[in-house]
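The block underneath contains the structure these notes are about, expressed in structure tokens.
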Amino acid sequence: MSGQTLTTEVVIIGAGPCGLFQVFELGLLGIGAHLVDSLQHPGGQCSELYPEKPIYDIPALPVCGAQELVDRLMKQIEPFHPTFHLGQEVIEFARQENGRFHVRTTTGTTFDAGAVVIAAGVGSFQPRRIGIDGSEVFEGASLHYRVKSSSSLHGQHLVIFGGGDSALDWTLELLSKARSLTLVHRRPEYRAAPASVAKMQEHVAAGRMRMFEALPHSFIVDNGALRGVNIKTRDGTMHALPADQLLVFFGLHPKLGPIAEWGLELEKKALKVDTEKFQTSLPGVYAVGDINTYPGKKKLILSGFHEAALAAFAIQHHLYPQKKQFLQYTTTSPIMHQRLGVPD
Ligand SMILES: Cc1cc2nc3c(=O)[nH]c(=O)nc-3n(C[C@H](O)[C@H](O)[C@H](O)COP(=O)(O)OP(=O)(O)OC[C@H]3O[C@@H](n4cnc5c(N)ncnc54)[C@H](O)[C@@H]3O)c2cc1C
């Protein structure tokens with residue numbers, strides 16, 4: 001969505017576990033939120049870094065898979081219908097004269113928000129780059145870190161780098177549509193699903209595609225246009241691979257990114273907050289989860305959940321200072337039941 005400004009009570013930057021639970025705590029107080037995440041899916045580190053690992057320290061859940069936790073949080077916030085803006089990074093943030101906040105993302109989505117919660121964890125996940133000098137000039141044209149439109153790759157000579165699920169899935173998907181396809185991975189072991197690896201190896205054995213164990217070395221360029229890539233195997237042999245398009249899937253790594261430039265007080269790359277409101281140095285801007293710091297901070301999911309609860313009350317007071325605040329139990333409160341969609 002671009003071109004139009006969305007007016008909202010709260011924008012939450014980051015849809016990791018703490019950003020998701022922030023939606024819940026705000027929802028209980030009758031406050032709506034939009035969530036932005038640079039990833040294409042919610043869940044932050046849990047979904048991106050260790051989806052299949054079990055977590056043992058979520059209260060009342062003796063063991064819970066990391067992706068399962070995210071799925072449960074998504075279910076828990078369903079009654080509050082948050083709007084997700086995924087695959088976009090928040091790059092612009094400014095306090096306006098009227099005390100509200102202007103927030104803008106890489107895809108042009110713009111918000112006018114009464115309060116902002118930064119739940120950005122260890123930063124926004126960015127693709128690991130190919131590591132060849134001058135690669136930026138080809139990005140988006142003939143060098144890709146994610147596939148936006150697969151049809152634009154049909155009928156072309158493709159070189160795909162990587163050994164994880166993205167690299168193998170796209171190899172199998174594009175093989176029959178590409179003019180030629182070469183997969184390059186730095187080592188014999190793959191992180192991708194064994195069934196995909198076996199299928200790819202069948203295609204190599206049948207001569208339908210090529211596979212190299214090598215690293216990218218340099219671009220082959222003619223008149224400013226990318227014509228291919230030179231790769232280097234472990235024994236130092238160079239191979240020149242002609243290519244129209246390079247697809248690089250080296251995984252993602254977190255980067256604090258623009259948040260560090262918004263003038264908020266930082267300590268060791270984390271946002272300083274108080275422990276009553278979890279407010280940053282700028283009133284109306286809160287930080288919960290791994291991104292914040294305060295005396296005794298522990299980067300645990302349960303800490304972020306507690307922070308989100310207190311931040312929600314502070315946000316309610318910030319947005320509606322006249323409103324009296326009550327602590328209501330979800331067990332017995334009719335208004336909470338109404339908000340949760342629970343029949344009384
Ligand atoms: C291997 C591993 C095991 C772990 N095990 C446990 C455990 O057993 N128990 C436990 O409590 N914790 C555990 N943790 C830590 C736990 O995952 C983190 O504490 C938790 O994910 C923090 O949640 P968060 O919502 O604050 O941030 P994150 O999960 O980091 O999510 C932040 C999100 O914000 C997004 N973002 C950042 N900047 C921007 C921006 N500018 N624009 C748009 N989006 C942005 C990111 O893309 C990301 O999705 C583990 C961590 C790892 C790596």
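The values are calculated or read from the model by the stated rules, or taken from the named source; none is laboratory data. Everything numeric in this text was worked out from a predicted model, so none of it was measured. Every residue, glycine among them, receives a Cβ derived from its backbone with ideal geometry; neighbour counts consider all protein chains shown. Side chains are part of the model used for accessible areas, which takes the heavy atoms of the whole protein and leaves out ligands, DNA and RNA. Shrake-Rupley method; radii C 1.70, N 1.55, O 1.52, S 1.80 Å.
When you look at HIS41, is it within 13 Å of the chain's Cα centre (by Cα) and either in contact (Cβ under 8 Å) with a residue 60 or more places away in the chain or under 24 Å from VAL90 (Cα atoms) (or both), yes or no?
Working: within 13 Å of the chain's Cα centre (by Cα): yes; either in contact (Cβ under 8 Å) with a residue 60 or more places away in the chain or under 24 Å from VAL90 (Cα atoms) (or both): yes.
Spelling it out, HIS41 is indeed within 13 Å of the chain's Cα centre (by Cα) and either in contact (Cβ under 8 Å) with a residue 60 or more places away in the chain or under 24 Å from VAL90 (Cα atoms) (or both).
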(Q) Regarding the stretch 25-38, can at least one residue be identified that is of a type outside the set (D, E, K, R), at pLDDT 95 or above and in contact with a Cys (Cβ under 8 Å, 6 or more places away or on another chain)? (A) no
- Task: Could you please let me know if ALA66 is over 25 Å from GLU265 (Cβ atoms), in contact (Cβ under 8 Å) with a residue 12 or more places away in the chain, in contact with a Lys or Arg (Cβ under 8 Å, 6 or more places away or on another chain) and of a type in the set (A, V, I, L, M, F, W, C)?
- Result: yes
In the stretch 121-136, anything closer than 30 Å to ALA225 by Cβ and either among the hydroxyl-bearing types (Ser, Thr, Tyr) or in contact with a helix residue (DSSP H, G or I) (Cβ under 7 Å, 6 or more places away or on another chain) (or both) is listed as ARG129, SER135
Output for Cβ contacts, cut-off 8 Å, separation at least six or different chains, first residue closer than 9 Å to VAL248 by Cβ in the stretch 117-136, second within 12 Å of the ligand (Cβ to nearest atom), reads PRO127/LEU252; ARG128/LEU252; ARG128/HIS253
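Each row is one residue, and each column tells you yes or no for (1) surrounded by 16 or more Cβ atoms within 10 Å (Cβ to Cβ); (2) among the acidic types (Asp, Glu); (3) touching a helix residue (DSSP H, G or I) at 6+ places or on another chain (Cβ under 8 Å).
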| position | (1), (2), (3) |
| --- | --- |
| GLU48 | yes, yes, no |
| ALA60 | no, no, no |
| VAL63 | no, no, no |
| LEU69 | yes, no, yes |
| LYS75 | no, no, no |
| PRO82 | yes, no, yes |
Within the stretch 281-300, the residues that are more than 12 Å from the ligand (Cβ to nearest atom) and in contact with a helix residue (DSSP H, G or I) (Cβ under 8 Å, 6 or more places away or on another chain) are PRO283, GLY284, TYR286
The strands (runs of 3 or more DSSP E) lying wholly within the stretch 69-146 that contain at least 1 residues that are among the acidic types (Asp, Glu) are 90-95, 110-118
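Could you tell me how many of the residues in the stretch 37-68 are of a type in the set (Val, Ile, Thr) and part of a loop (DSSP other than H, G, I, E, B)?
Qualifying residue count, the stretch 37-68: 1.
If you take the residues in the stretch 31-46 that are under 21 Å from ARG146 (Cα atoms) and among the hydrophobic types (A, V, I, L, M, F, W, C), which one is surrounded by the most Cβ atoms within 10 Å (Cβ to Cβ)? Walk me through it before giving the result.
Residues of the stretch 31-46 under 21 Å from ARG146 (Cα atoms): 36-46.
Keeping just the survivors that are among the hydrophobic types (A, V, I, L, M, F, W, C) gives 36, 39, 46.
Values: VAL36: 28, LEU39: 19, CYS46: 25.
Selected residue: VAL36.
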### Query
Taking the stated definitions as given, is ILE12 open to solvent by 10 Å² or more (accessible area, probe 1.4 Å), in contact with a helix residue (DSSP H, G or I) (Cβ under 9 Å, 6 or more places away or on another chain) and either within 20 Å of GLN279 (Cβ to Cβ) or touching a residue at least 12 places away in the same chain (Cβ under 8 Å) (or both)?
no
Residue pairs qualifying under the 7 Å Cβ cut-off, at least six apart or on distinct chains, with the first in the stretch 167-188 being closer than 15 Å to ARG210 by Cβ and the second being open to solvent by 10 Å² or more (accessible area, probe 1.4 Å) and of a type in the set (Asp, Glu), are HIS185/GLU213
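Results for (1) under 31 Å from the mean Cα position of the chain (by Cα); (2) more than 27 Å from CYS64 (Cβ to Cβ), shown as yes or no for each residue.
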site: TYR294; (1), (2): yes, no
site: LYS297; (1), (2): yes, no
site: PHE305; (1), (2): yes, no
site: PHE313; (1), (2): yes, no
site: GLN316; (1), (2): yes, yes
site: PHE326; (1), (2): no, yes
site: SER333; (1), (2): no, no
site: MET336; (1), (2): yes, no
site: ARG339; (1), (2): yes, no
When the stretch 254-280 is checked residue by residue, the ones that are within 12 Å of the ligand (Cβ to nearest atom) and either closer than 24 Å to HIS317 by Cα or surrounded by 13 or more Cβ atoms within 10 Å (Cβ to Cβ) (or both) are PRO254, LYS255, LEU256, GLY257, PRO258, ILE259, ALA260, TRP262, ALA270, LEU271, PHE278
Subset of the stretch 44-67, residues under 22 Å from the mean Cα position of the chain (by Cα) and among the acidic types (Asp, Glu), comes to GLU48, GLU52
